[in-house]
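Reviewing the structure listed below.
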Amino acid sequence: MVRHRLSHTQREAIVIQELQTSFPGFADVSSWSPVADDPPDVIGSSPTGIVGLELVEWLDGIQMGAAQGRKSYREKLWKLLGAGWATEYQPKNLSSAVVCPFWDRKPTQTEQASLKSEFWRCVEDVDLNWADNPNRQGSNLLVRDMSWPVLSKFIQAIRLRSGEQSWKTYGFSWIDIEEDGGSYDPNEVIRTLELSIRKKVDLYNDPQRIANLQSKKLDRLELLVHGGFNLFFYNTPMGSLSVSDIASAGAAYYARLPLERRVFDRIWLFNSLNPASDLNELVGFDRNKGQLRWLVELWPKFSVDSRSFG
């Protein structure tokens, strides 16, 4: 089945719909209408006049591009090593295996068969000698020293774990490829927020756009910085930083701009994330576990909407 990618306008319409559903009355506007010749992206009526709303995604494009490259290779590697698990060796001890690849090394077509063969021979060898393995830490074993020429060329480690083999009950692959993670600078998420704000500030300082904006005769112009799946999956996590920390840093950045560049009367942060409800239910979680909705006024004052959750 072919999946059609959503257009930019369609994605923004979904953001507005989620915003109105979770936070009705946002910005004192009951409904928003798209603008054919933006800026702004949408316009709504409030008791105090016409409000224009510009949208920008809270996302680091460079970071997302690198992560998407890893995602593509991750999927290909899983298809090679883990997709056919049901016809490969069935371990008696192992419950999961996480493959940690060298991301800058890709096997050629001729190397792929050897890589797959050596991976499963390694797994079988470890499983058969699990009880007597001196490097095992309880139910965990990190395999780094692999005496397999092709496997060691493309795989830097395999994290193996014993325990309940639920994959035998539910029929899913017990092989996985390492997700993004590791050390990071928590302030990177603030830098990404600042870049998102600057992108729109620069856009609205273009003379032609300023003239177009003035023709709309708006009473207020507001900016909505929004995040969702892309923010969750591709961008640096927030770590120990709170919503207040992030919003305060974003507000301070905006306040440092020259007065003539502060084109927005109010700036908001909106973050929404929908869980994989069917998967949640399959593994025994509540269908809504992982759902997130929060709305923060970043400028001119900091305020978290009381209806926020997650």
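The values are calculated or read from the model by the stated rules, or taken from the named source; none is laboratory data. Keep in mind the model is a prediction, meaning the values are calculated, not measured. Cβ atoms come from the backbone with ideal geometry, glycine included; neighbour counts cover every protein chain shown.
Annotation note: of 130, 120, the sole residue that is modelled with pLDDT of 90 or more, aromatic (Phe, Trp, Tyr) and assigned to a helix (DSSP H, G or I) is 120. Looking only at segment 51-72, decide whether some residue is modelled with pLDDT of 90 or more, among the aliphatic types (A, V, I, L, M) and within 30 Å of residue 120 (Cα to Cα). No, every residue in segment 51-72 fails to be modelled with pLDDT of 90 or more, among the aliphatic types (A, V, I, L, M) and within 30 Å of residue 120 (Cα to Cα). Restricted to segment 98-135, and to residues there that are more than 22 Å from residue 161 (Cβ to Cβ) and β-branched (Val, Ile, Thr), the residue that is nearest to the chain's Cα centre (by Cα) is 108. Out of the residues in segment 31-45 that are part of a strand (DSSP E or B) and surrounded by fewer than 17 Cβ atoms within 10 Å (Cβ to Cβ), which is farthest from the chain's Cα centre (by Cα)? So, considering only residues that are part of a strand (DSSP E or B) and surrounded by fewer than 17 Cβ atoms within 10 Å (Cβ to Cβ), the one farthest from the chain's Cα centre (by Cα) is 45.
Based on this model, can you work out whether residue 162 counts as on the phi < 0 side of the Ramachandran plot and over 24 Å from the mean Cα position of the chain (by Cα)? So residue 162 passes the test. Within segment 152-167, residues that are under 22 Å from residue 138 (Cβ atoms) reach partners that are among the polar types (S, T, N, Q) and in a loop (DSSP other than H, G, I, E, B) with beta carbons closer than 6 Å, at six or more positions or on different chains, in the pairs 161/139; 162/93; 162/139; 163/139.
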